[in-house]
1. Going residue by residue through segment 3-22, is there one that turns out to be of a type in the set (S, T, N, Q), open to solvent by 100 Å² or more (accessible area, probe 1.4 Å) and free of Cβ contacts under 8 Å to residues at least 40 places away in the same chain?
2. Does G49 satisfy the condition of being open to solvent by less than 90 Å² (accessible area, probe 1.4 Å) and modelled with pLDDT of 85 or more?
3. Which of the residues spanning segment 3-33 are of a type in the set (A, V, I, L, M, F, W, C) and within 28 Å of A50 (Cα to Cα)?
4. Filter segment 23-34 down to the residues that are exposed (fewer than 10 other Cβ atoms within 10 Å of the Cβ) and either more than 20 Å from the chain's Cα centre (by Cα) or at pLDDT 85 or above (or both) and list them by number.
5. Out of (1) surrounded by 10 or more Cβ atoms within 10 Å (Cβ to Cβ); (2) at pLDDT 80 or above; (3) polar (S, T, N, Q), the odd one out for T37 is which?
Amino acid sequence: MVYVVDPAGNKRGSKSVKVIDKTARSVPTVNKITNKTVTVTVTGKSENGASLYLQWK
């Protein structure tokens, strides 16, 4: 929602806009995993509310 507020505090001209995020974040990095690994470290950055999934087979 985009709108203007004048110096008197009056809200005017509201309009809804849709923004599509087309910028992908970098791929997370993971330490080397072997059949003897007991601890996995994943580092990286993401957007607030994003989820990280780790599947171990």
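1. So far as segment 3-22 goes, no, none of its residues is of a type in the set (S, T, N, Q), open to solvent by 100 Å² or more (accessible area, probe 1.4 Å) and free of Cβ contacts under 8 Å to residues at least 40 places away in the same chain.
2. Details: open to solvent by less than 90 Å² (accessible area, probe 1.4 Å): yes; modelled with pLDDT of 85 or more: no.
Criteria not met by G49.
3. V17, V19, I20, A24, V27, V30, I33
4. K32, T34 - these are the residues of segment 23-34 that are exposed (fewer than 10 other Cβ atoms within 10 Å of the Cβ) and either more than 20 Å from the chain's Cα centre (by Cα) or at pLDDT 85 or above (or both).
5. (2) is the only condition that T37 fails.
The values are calculated or read from the model by the stated rules, or taken from the named source; none is laboratory data. Everything quoted here is computed from the prediction, not taken from an experiment. Because the Cβ atoms are built from the backbone with ideal geometry, glycine has one as well, and the counts that use them run over all protein chains shown. Protein only, heavy atoms only, side chains kept; ligands, DNA and RNA dropped before computing areas. Shrake-Rupley method; radii C 1.70, N 1.55, O 1.52, S 1.80 Å.
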